[in-house]
2 protein chains.
Amino acid sequence: MAKYKEIVRKMIQNIESSEMNQGDKLPSIETLMKQFDAGKNTILKALAELEKQAYIYQVHGSGNFVRKHKRKGYINITEVNGLRSSLRGFELDSKMLDLKVIKPTPEVMANLNVDEDEDIYYVKRLRLIEGRKFSVEESYYLKSVVPYLNKDIVEASIFAYLIDDLKIEPGFTDHFLRVSQLNKENADLLNLEPGDPTVLLESIFFLKNGQPFDYSKVIYHHEESQFFVQGHSYIGL
Amino acid sequence: MAKYKEIVRKMIQNIESSEMNQGDKLPSIETLMKQFDAGKNTILKALAELEKQAYIYQVHGSGNFVRKHKRKGYINITEVNGLRSSLRGFELDSKMLDLKVIKPTPEVMANLNVDEDEDIYYVKRLRLIEGRKFSVEESYYLKSVVPYLNKDIVEASIFAYLIDDLKIEPGFTDHFLRVSQLNKENADLLNLEPGDPTVLLESIFFLKNGQPFDYSKVIYHHEESQFFVQGHSYIGL
């Protein structure tokens with residue numbers, strides 16, 4: 001792992017632990033250079049990444065300060081590290097409801113930018129948090145990128161499998177979120193009533209080279225659907 | 001305006017017009033240097049900002065590519081440029097429902113990090129899109145930062161007033177989004193029924209120096225509440 005990534009990871013751990021609070025000033029660049037035994041450019045690269053991921057903010061002429069994620073249990077959809085990272089500290093489980101190779105619907109074709117002949121892995125999961133029914137997730141993976149999936153993988157962490165085993169490099173994600181109403185099937189799965197309100201979160205995951213490879217549609221239990229979004233820094237244009 | 005910001009602004013215009021599509025490759029750095037009559041560092045700074053604001057993605061070793069905002073009518077809550085920027089091309093109106101100076105409630109104290117003696121400008125607005133009732137917004141501004149507001153300002157653009165007239169430099173924003181149910185008052189305002197589903201979006205706006213100065217709570221008409229969120233780039237930690 002590149003040196004600056006190690007530094008980013010350690011600094012995130014410090015910020016997420018109780019050691020640092022919102023608005024706390026980070027040590028100077030010189031101090032960080034000594035602390036991490038790293039050159040100035042490496043420290044600057046780590047700080048730029050921490051600002052991009054919204055863990056710190058830079059105040060011109062006075063230094064770097066902690067930007068704390070404040071509310072527990074909110075899903076940070078600005079992060080790209082999977083649900084498990086966002087809900088660290090909570091017990092999460094996944095129950096596989098379906099897994100098969102299909103041809104794409106027009107909706108899937110449009111979102112993954114593929115034609116009707118493409119092979120698609122379709123996965124449907126019920127997700128639980130602390131034993132409570134949390135969401136119903138339908139995901140469509142390009143089989144050309146994700147050639148193999150099974151029940152063990154799908155009930156553990158697909159995200160960890162993609163990165164650790166398939167060595168897939170996720171790039172960025174677009175999310176579309178709106179209020180919807182539960183149909184009978186999803187209401188039954190979540191122990192709710194048809195017509196109950198829900199959040200529908202559609203996400204498109206892209207590889208580093210810009211190719212979309214995963215389109216997912218998640219229906220959330222309305223009592224469990226709390227989302228945290230970090231805005232970009234304003235630069236004034 | 002700094003040179004790199006001018007370049008960022010022009011490139012965003014190109015990307016948002018129909019001239020460029022998702023995945024289109026940007027001209028080389030050398031070409032951009034000539035096109036904008038700018039040095040390499042200025043171009044690199046502009047490209048870094050465009051990547052941070054999710055208008056482009058960089059592919060190591062092969063260049064910079066357009067990341068297009070795809071769905072019209074979705075509010076991009078990752079942007080910090082106000083609702084008007086996010087819904088460009090739609091006719092927006094604001095009707096002032098209330099405007100007064102108050103002392104903060106415990107909720108406002110916690111979100112703005114102030115004590116009970118602080119003066120707060122409370123603004124309540126009904127917002128309309130293309131003449132349709134869209135959202136009910138309650139905002140709490142620190143009077144020490146926003147010393148004056150009136151009906152004209154509140155029914156035009158508070159955001160433009162803060163930046164253009166008060167020269168306030170917004171820094172970053174935290175958003176918290178969840179599903180809720182309309183109470184009688186807000187249901188009446190939106191021509192809906194009490195108990196109807198709604199999205200509650202709470203936002204905390206910070207100055208560049210990290211001080212929170214505006215806490216807002218917006219209730220959206222469920223048929224109008226569509227949000228677009230751009231995830232950070234994944235770097236693997």
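The values are calculated or read from the model by the stated rules, or taken from the named source; none is laboratory data. Computed from a predicted structure; not experimentally measured. Because the Cβ atoms are built from the backbone with ideal geometry, glycine has one as well, and the counts that use them run over all protein chains shown.
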Query raised in the report: Looking at segment A:28-68, which of the residues that are of a type outside the set (A, V, I, L, M) and assigned to a strand (DSSP E or B) is surrounded by the fewest Cβ atoms within 10 Å (Cβ to Cβ)?
Result: A:63
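One line per residue, one yes/no per condition, for (1) buried (at least 21 other Cβ atoms within 10 Å of the Cβ); (2) assigned to a strand (DSSP E or B); (3) modelled with pLDDT of 95 or more:
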residue: B:195; (1), (2), (3): no, no, no
residue: B:203; (1), (2), (3): yes, yes, no
residue: B:206; (1), (2), (3): yes, yes, no
residue: B:217; (1), (2), (3): no, yes, yes
residue: B:229; (1), (2), (3): yes, yes, no
Report summary line: Of the residues in segment A:179-188, those that are crowded, with 17+ Cβ neighbours inside 10 Å and within 8 Å of chain B (Cβ to nearest Cβ) come to A:179
Report task. Taking only segment B:194-237 into account, find how many residues are at the interface with chain A (Cβ under 9 Å from one of its Cβ atoms) and among the basic types (Lys, Arg). Result -> 1
Report summary line: So, first residue more than 10 Å from chain A (Cβ to nearest Cβ) in segment B:51-79, second residue loosely packed, with under 15 Cβ neighbours inside 10 Å, Cβ within less than 6 Å, six or more apart or across chains; the pairs are B:63/B:25
Query raised in the report: Of (1) at the interface with chain B (Cβ under 7 Å from one of its Cβ atoms); (2) more than 21 Å from residue A:228 (Cα to Cα); (3) at pLDDT 90 or above, residue A:191 satisfies all except one. Which?
Result: (1)
Query raised in the report: Can you pull out the residues in segment A:159-186 that are within 22 Å of residue A:92 (Cβ to Cβ) and in contact (Cβ under 8 Å) with a residue 40 or more places away in the chain?
Result: A:159, A:160, A:168, A:170, A:173, A:175, A:177, A:186
**Report entry** Residues located in segment B:135-191, provided they are of a type in the set (A, V, I, L, M), in a strand (DSSP E or B) and more than 12 Å from residue B:123 (Cα to Cα)
**Finding:** B:177, B:179
Query raised in the report: Restricting to segment A:131-178, what's the tally of residues that are of a type in the set (A, V, I, L, M) and within 11 Å of another protein chain (Cβ to nearest Cβ)?
Result: 4
Report summary line: Taking segment B:95-111 and keeping residues buried (at least 19 other Cβ atoms within 10 Å of the Cβ), of a type outside the set (Val, Ile, Thr) and either at pLDDT 95 or above or in contact with a Ser or Thr (Cβ under 8 Å, 6 or more places away or on another chain) (or both) leaves B:104
Query raised in the report: From the list A:100, A:133, A:124, A:143, which residue is in contact with a strand residue (DSSP E or B) (Cβ under 9 Å, 6 or more places away or on another chain) and free of Cβ contacts under 8 Å to residues at least 24 places away in the same chain?
Result: A:100
